[in-house]
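Notes for the one structure printed next.
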Amino acid sequence: MTDAYHNEDTRLNTDAKPLVLFLCDGKYGASLMAAAMMKSKANSFFDVHCYHTTQTMSTDKAAQALIQFQISTYDLAPAPLDALTLDYVDYLVALNPASVQSGLPLPSYGKFIPWDVTENSDAGLAAVLRAINQNVNYFLSLYLFR
């Protein structure tokens, strides 16, 4: 093995799917929506996780909003960031600025990707979900189809 395999930013198992951690502040359930959307579009390519910086997150409205895309959240378990057991993720996707301004420690990551899907949240949850869908599609076009 070369030293590249021992770099903390490099996985020992190069056959493993890249880890994507979606992080939100919990207000809209954005990390749950993003993780469900990513799993529905590219589950065989990525290992997807969703976390939030608050202690609770209302998931009912987020799950209901995904129905229009025929996407289920049944196999996803959003959790508070302080319960995170991963030391490293390949992609840390912050779904709004508040998620990284919480002061909570973040795992090490290969790439940090800031999205602000709540920017037009005054338009409602549907606008947040549309922004998530657009960003997931863009992410996949950059990192999957290159």
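The values are calculated or read from the model by the stated rules, or taken from the named source; none is laboratory data. It should be emphasised that the depicted structure is a prediction, and the values quoted were computed from it without experimental measurement. Quick reminder, even Gly has a Cβ in these numbers, built from the backbone with ideal geometry, and neighbours come from all protein chains shown.
Here are some notes:
- Qualifying residue in segment 29-37 (condition: more than 18 Å from Y138 (Cα to Cα), surrounded by fewer than 21 Cβ atoms within 10 Å (Cβ to Cβ) and modelled with pLDDT of 85 or more): no
- Filter result for Y28 (assigned to a strand (DSSP E or B) and touching a helix residue (DSSP H, G or I) at 6+ places or on another chain (Cβ under 7 Å)): no
- Of the criteria (1) under 13 Å from C24 (Cα atoms); (2) surrounded by 13 or more Cβ atoms within 10 Å (Cβ to Cβ); (3) not basic (K, R), which one L140 fails: (1)
- Looking across segment 98-120 at every residue that is under 23 Å from K41 (Cβ atoms), of a type in the set (S, T, N, Q) and in contact (Cβ under 8 Å) with a residue 40 or more places away in the chain, the one that is surrounded by the fewest Cβ atoms within 10 Å (Cβ to Cβ) is identified as T118.
- Single residue of S31, S58, S40 found to be within 23 Å of Y88 (Cβ to Cβ), touching a residue at least 24 places away in the same chain (Cβ under 8 Å) and of a type in the set (G, A, S): S31
- Segment 55-97, subset at pLDDT 90 or above, of a type in the set (V, I, T) and surrounded by 15 or more Cβ atoms within 10 Å (Cβ to Cβ), residue farthest from M33 (Cα to Cα): V89
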